[in-house]
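Single-structure report; data block below.
The values are calculated or read from the model by the stated rules, or taken from the named source; none is laboratory data. Here the structure is a predicted model, which means the values were calculated and not measured. All Cβ positions, even for glycine, are placed from backbone atoms using ideal geometry, and neighbour counts span all protein chains on display. Only protein heavy atoms, including side chains, enter the accessible area calculation; ligands, DNA and RNA are left aside. Shrake-Rupley method; radii C 1.70, N 1.55, O 1.52, S 1.80 Å.
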Amino acid sequence: MTAPHRAAVLGSPIAHSLSPALHRAGYAALGLAAWRYDRFEVDEAALPGFVEGLDRAEWAGLSLTMPLKRAIIPMLDGITDTARSVDAVNTVVFTADGGRRGDNTDVPGLVNALRERGIERVAEAAVLGAGATASSALAALAVVCAGPVTVYVRSAERAAEMRELGERLGLQLRTAAWEQGAQALAAPLTISTTPAGATDGFADAVPEAPGALFDVLYHPWPTKLVAAVAERGATVLGGLDLLVHQAVLQFEQFTGVPAGPLAAMRAAGEAALAEG
């Protein structure tokens, strides 16, 4: 029997995904010539049929992006504590006994990206936004933040959701109005989880000595806010940092290698972004 050697990223829309470039570069770097990584346009309605139709002798795992990170959960035999903590799965591994295990590599990917830049522990932190990525950010801050976390949100409903998640994660969490978001930049670490352009209005209010900023966008890059923070000499991280670190963790789970080729996968991501 041939060992599984296929993986892919699923989502809708999916044409923009950098995952194929990253994983294929990893295969090339480690000489895994038999491995193949593809992308498939799959929405929530098509997901069950797609998953059931896979040849389990060939497939090792799946990467999932929006809108599938929650839709996949009922189709799995189990999920990790990390995935359960944020109610989102971005990684499915097909196990040797025929099972499907769900995981979330966004959370440890965030932690590893911060650690790579020397950010091991902070006294307090802030989050801009309250969507799915903000949930992963809070789970990561449960690891790296020793004190209070402030989340800047646009609606009372989102604020309530973030407070509930913060309580589950054991965080000292408070919420504040989105209009006060410029205050976040005084924290030792701010994670921005918002769409392009959403934080542009805060760029003119960056303090003289801002903390580190992790903006999960990678296009356009740099964002106006990132440029303003970097101009003050602070540490900035971007969406490519998150994408590469979470992809390396997926790569390791799919292939079974102990350490994915981070540098090769990052270089592939940078090249793909440069090509536009």
_Residue count for the range 84-139, restricted to those that are open to solvent by less than 40 Å² (accessible area, probe 1.4 Å) and closer than 25 Å to residue 167 by Cβ_ = 30
*Only residues in the range 1-20 that are within 11 Å of residue 62 (Cα to Cα) count as the first member; pair them with residues that are open to solvent by 20 Å² or more (accessible area, probe 1.4 Å) and part of a loop (DSSP other than H, G, I, E, B), Cβ under 7 angstrom, at least 6 apart or cross-chain, and list the lot.*
6/58; 9/65; 11/65; 11/66
*Only one residue in 3, 34 is modelled with pLDDT of 95 or more and either aliphatic (A, V, I, L, M) or over 17 Å from residue 265 (Cβ atoms) (or both), so which one is that?*
34
*Pair list, Cβ under 8 Å, 6 or more apart: the range 131-157 residue at positive phi and at pLDDT 95 or above, other residue of a type in the set (S, T, N, Q) and crowded, with 23+ Cβ neighbours inside 10 Å*: none
_Looking at the structure I just gave you, is residue 81 acidic (Asp, Glu), in contact with a Lys or Arg (Cβ under 8 Å, 6 or more places away or on another chain) and surrounded by fewer than 15 Cβ atoms within 10 Å (Cβ to Cβ)?_
no
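Of the residues in the range 167-217, how many are out of contact with any strand residue (DSSP E or B) (no Cβ under 6 Å at 6 or more places or on another chain) and crowded, with 20+ Cβ neighbours inside 10 Å?
Residues meeting the conditions: 7.
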*asked:* If I filter the range 2-19 for residues that are of a type outside the set (Phe, Trp, Tyr) and assigned to a helix (DSSP H, G or I), do I get at least one hit?
replied: yes
*Quick one: in the range 244-259, which of the residues that are more than 15 Å from residue 4 (Cα to Cα) and free of Cβ contacts under 8 Å to residues at least 24 places away in the same chain is nearest to the chain's Cα centre (by Cα)?*
259
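Tell me the residue from 76, 62 that is of a type in the set (A, V, I, L, M), modelled with pLDDT of 95 or more and out of contact with any Lys or Arg (no Cβ under 7 Å at 6 or more places or on another chain), please.
62
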*When you scan the range 131-181, how many residues do you find that are assigned to a strand (DSSP E or B), of a type in the set (S, T, N, Q), out of contact with any Cys (no Cβ under 9 Å at 6 or more places or on another chain) and more than 22 Å from residue 237 (Cβ to Cβ)?*
1
*Among the residues of the range 35-89, how many are under 19 Å from the mean Cα position of the chain (by Cα) and without any contact (Cβ under 8 Å) to a residue 12 or more places away in the chain?*
2
*Looking at the range 90-110, which of the residues that are more than 10 Å from the chain's Cα centre (by Cα) and either closer than 12 Å to residue 137 by Cβ or charged (D, E, K, R) (or both) is modelled with the lowest pLDDT?*
97
